[in-house]
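Here, each number is a calculation from the coordinates, and none is a lab measurement. Please read all numbers here as calculations on a predicted model, not as lab measurements. FYI the Cβ positions are ideal-geometry reconstructions off the backbone, even for glycines, and counts take in every protein chain you see.
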Amino acid sequence: MEIAFYLVVGFILLWRGGDLLVDGADAFARSHGVPPTIAGVFILGFGTSMPELAVTLLSALDGEAEIAVTNVVGSNIANVALVLGFAAVLAVLHVNRFLVRVEMPVCILASVLAFVLVLDGAVTRLDGFILLGAFLLYAGFALGTVRHRDVDSAEPPPKRAWFDLGKSAFALGAVLGGAELFKTGSVQLAESFGISRVVIGSTLVAFATSLPELATAIAAARARKLDLVVGNVIGSNIFNLLLVLGVAGVAVNQPVDPRVGGVLLPLMLALAIVPFVLSWTNKATLGRKTGIALLASYVAFLVYSVINAQG
């Protein structure tokens, strides 16, 4: 009964919080002339990465390295294959040129960097500082290009900075609370069946911490604010790899399970490359067929994880 409560209440908070978060972030961005790509990458991307940051850091400090690292990697897999795939099924996603030219290549480079750093079987404090340094370089460059990015052509709403920020903060709180409840229920359910922590981290915990991105992406797709969808997913993945994993590495030296480097990281890297290639070849669009293919890859990943769940 307790597990069911966590799952149901967590899902409701995530769903409604996602709607409010998109509305608040979009209104704040448009009223202050912030380009939708920057709003998606930094406002939504950073906000929806808070569950990953909290779970990963707490897991690292508690000595749960399997969950700490696999949560980041599994969340990035879920963000592209599940979140972006589901959003593309709902609506054709037109990818902003700056996302194709800047954020997507940065996401690929961040994935390669994480892959290389984990090859020695650990995320060390030095690795963490390298990741954080890379994040600062990217953030400085991205914010420096704000004036060159496309601003939403729609009529901006009246400036209500405190109201919009308050609405976004309240919504983010609901999303984070919902993610924590859903994660708790998912982990309790999985542990009752004796599933390994690597699998729990890369599937159930990763899915739970990706629920804010999923809820936000669905809300944005329904509202046809499509720049926010792709920007949120790509931005969240960059934040997860460079900021979240970097903070965790600086906090505690962490051993990494061989399955992470052998299976999960190559899959994450492949999924980082796919949207970039498709955006170049399909005139910066991700359509329903792409969405179905991404969802199918996530189902295949889950099937593989279930087969290797014990241990």
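Which ³J(HN,Hα) values, rounded to whole Hz and listed in residue order, are derived for segment 6-12 from phi using the Karplus coefficients 6.51, -1.76 and 1.60 in 6.51 cos²θ - 1.76 cosθ + 1.60 with θ = phi - 60°, glycine and proline given as x?
The phi angles translate into 4, 5, 5, 5, x, 5, 4 Hz.
Going by average Cβ density within 10 Å per residue, which order do the peptides 205-215, 271-281, 46-56 take, highest to lowest?
Working: 205-215: 28.3, 271-281: 18.5, 46-56: 24.8.
The most tightly packed comes first, giving 205-215, 46-56, 271-281.
Sorted by packing (mean other beta-carbon atoms within 10 Å per residue), highest first, where do 82-88, 228-234, 165-171 land? If you can, show how the numbers build up before the last one.
Values: 82-88: 26.1, 228-234: 30.7, 165-171: 17.1.
By packing density, highest mean first, the sequence is 228-234, 82-88, 165-171.
Translational D (Stokes-Einstein, µm²/s) of segment 159-269 at 20 °C and 1.002 mPa s when Rh comes from the Kirkwood sum over C-alpha pairs? The partial results should precede the final answer.
Numbers: Rh = 16.2 Å.
Estimated via Stokes-Einstein, D reaches 132 µm²/s.
So for the pair Ala169, Leu137, with labels modelled 7 Å out along Cα→Cβ, what separation do we get in nm?
3.4
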